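Derivation of every value follows stated rules applied to the coordinates shown; laboratory data play no part. Keep in mind the model is a prediction, meaning the values are calculated, not measured. Glycine gets a Cβ as well: all are built from the backbone with ideal geometry, and neighbour counts include every protein chain shown.
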């Protein structure tokens with residue numbers, strides 16, 4: 001069941017557009033941070049495009065539909081990967097773009113980024129700390145409480 005606190009105002013929820021945009025940007029940051037660390041193959045271009053689309057939506061430059069298409073393409077690329085760390089990193093990017101459609105996907109983006117770090121030989125706690133340090137203050141309490149409640153690691 002989805003956390004109602006992540007429902008956007010235009011869908012009769014409490015989440016403001018500014019908060020939603022910050023979640024998309026933070027999710028993109030989480031995905032890109034780990035993707036750049038463990039980047040090993042050229043097939044992750046759909047992941048970088050998903051990240052780009054999430055950021056572009058947050059700036060009002062692209063539609064939700066464009067971001068969703070990028071999310072789907074990233075998840076397709078993740079299914080095609082045979083490297084578990086890269087797969088998790090691509091999924092993080094896909095969820096970053098999916099945050100545009102449903103804000104709580106930011107939690108999955110962060111979770112997959114941590115999973116990618118683990119699988120890529122990076123200290124997962126260090127990655128979580130990086131995420132927490134880059135979490136915008138205005139959405140920090142919401143994201144951290146939801147993460148604790150859901151245990152969002154995939």
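State all residues of the range 122-148 that are touching a residue at least 40 places away in the same chain (Cβ under 8 Å) and closer than 25 Å to residue 75 by Cα; if no residue qualifies, say none.
Taking the range 122-148 and keeping what is touching a residue at least 40 places away in the same chain (Cβ under 8 Å), we get 122, 127, 130-131, 134-136, 138-139, 142-143, 146-147.
Answer for the range 122-148, where residues must be touching a residue at least 40 places away in the same chain (Cβ under 8 Å) and closer than 25 Å to residue 75 by Cα: 122, 127, 130, 131, 134, 135, 143, 146, 147.
With the structure loaded, tell me whether residue 135 is within 19 Å of residue 23 (Cα to Cα) and assigned to a loop (DSSP other than H, G, I, E, B) or whether it fails that test.
yes
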